[in-house]
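Right, one structure below, let's go through it.
No lab work stands behind these numbers, since they all come straight from the coordinates. Predicted model only: the values in this text are computed from it and were never measured. Every residue, glycine as well, gets a Cβ built from its backbone with ideal geometry; the counts of neighbours run over all protein chains shown.
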Amino acid sequence: DTAVSQTPKYLVTQMGNDKSIKCEQNLGHDTMYWYKQDSKKFLKIMFSYNNKELIINETVPNRFSPKSPDKAHLNLHINSLELGDSAVYFCASSLSTSAYNEQFFGPGTRLTVL
Amino acid sequence: AQSVTQPDIHITVSEGASLELRCNYSYGATPYLFWYVQSPGQGLQLLLKYFSGDTLVQGIKGFEAEFKRSQSSFNLRKPSVHWSDAAEYFCAVGAGQAGTALIFGKGTTLSVSS
């Protein structure tokens, strides 16, 4: 199926660990995003890449490092995990950076830091 | 700064009744406006969007929304709610480079009673 997929779906880890979340889209889109949804369901943009280049980098701790090996993938690596990093992380993609293009969201990765 | 306000945190409607979810935005220029729905444990799905032109926009699943510039509002409506409409609804405004970054409201939880 054509879609935005994320792995893993659930991630439970200890404080201080380093973890990665992977995102892949097979829609042929040029632009990909990471959003964070906190415990109150508030969604906020973290990063956006267009054709492997970073175009949006919101105020996010530098423990978070996105990596885009190619247009179809945007992975999120988090160092030294903290309790406050617990959230649902959504990957999304769109045809281009234009807002005319719908953003397609992945199913989310629920990260729990103990 | 751009912002989106959804005044209603939780709404309960009876199945078959009409629905209106409120959304107010703050944006300096002509906004790009969106409504997304999030079913439990799922990613976000676009219901409809407004960029320009006709201020009444039709979306999927029988939803519509009306853009009112004078009130800075973009309220979502449905004439007859079905039990499957129970979900979290997010209003968003496109901001940043070409409107790419979506700024979300805090969401409205819709419950449907039988």
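So here's what we get for this one:
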| item | result |
| --- | --- |
| Radius, Kirkwood style, for region A:20-69 when every pair of distinct Cα atoms is counted (Å) | 11.9 Å |
| For A:K40, net neighbour charge (Lys/Arg +1, Asp/Glu -1) across residues whose Cβ lies under 14 Å away | +2 |
| Convex hull volume per residue in cubic angstrom - Cα atoms of region B:1-95 | 101 Å³ |
| DSSP-defined antiparallel bridges as percent of all bridges, the protein assembly as shown, nearest 5 | 90 percent |
| Order of A:W34, B:W83 - criterion: other Cβ atoms within 10 Å of each residue's Cβ, fewest first | B:W83, A:W34 |
| Under 17 Å from the B:S114 label point (7 Å along Cα→beta-carbon), backbone N, region B:10-28 | B:13-17 |
| Projected area averaged over orientations for region B:3-54, convex hull of C-alpha atoms, nm² | 5.2 nm² |
| Taking chain A and dividing mean pair separation by its residue count, relative contact order in percent (alpha carbons under 8 Å, at least six apart) | 36 percent |
| Charge context of A:N57, other residues only, Cβ under 14 angstrom, K/R +1, D/E -1 | +2 |
| Dipole magnitude of the protein assembly as shown, debye to nearest 20 (Cβ charges: Lys/Arg +1, Asp/Glu -1, about Cα centre) | 260 debye |
| Neighbourhood net charge (14 Å Cβ-Cβ; Lys/Arg +1, Asp/Glu -1) for B:A86 | -1 |
| Among A:T97, A:A3, A:S80 the positive-end extreme of the charge dipole of chain A (Cβ point charges) | A:S80 |
| Length-normalised contact order of chain B in % [C-alpha pairs under 8 Å, at least 6 apart] | 37 percent |
| Sorted by Cβ density within 10 Å, fewest first, the residues B:R69, A:R110 | B:R69, A:R110 |
| Distance histogram in 5 Å bins (all Cα pairs of the protein assembly as shown, percent per bin) | 1, 7, 15, 18, 19, 16, 12, 7, 4, 1, 0 |
| Debye, to nearest 20: dipole size of chain A, +1 on Lys, Arg Cβ, -1 on Asp, Glu Cβ | 260 debye |
| Computed log₁₀ I(q)/I(0) - Debye formula, equal Cα scatterers, no solvent, region A:8-114, q 0.11, 0.22 Å⁻¹ | -0.31, -1.20 |
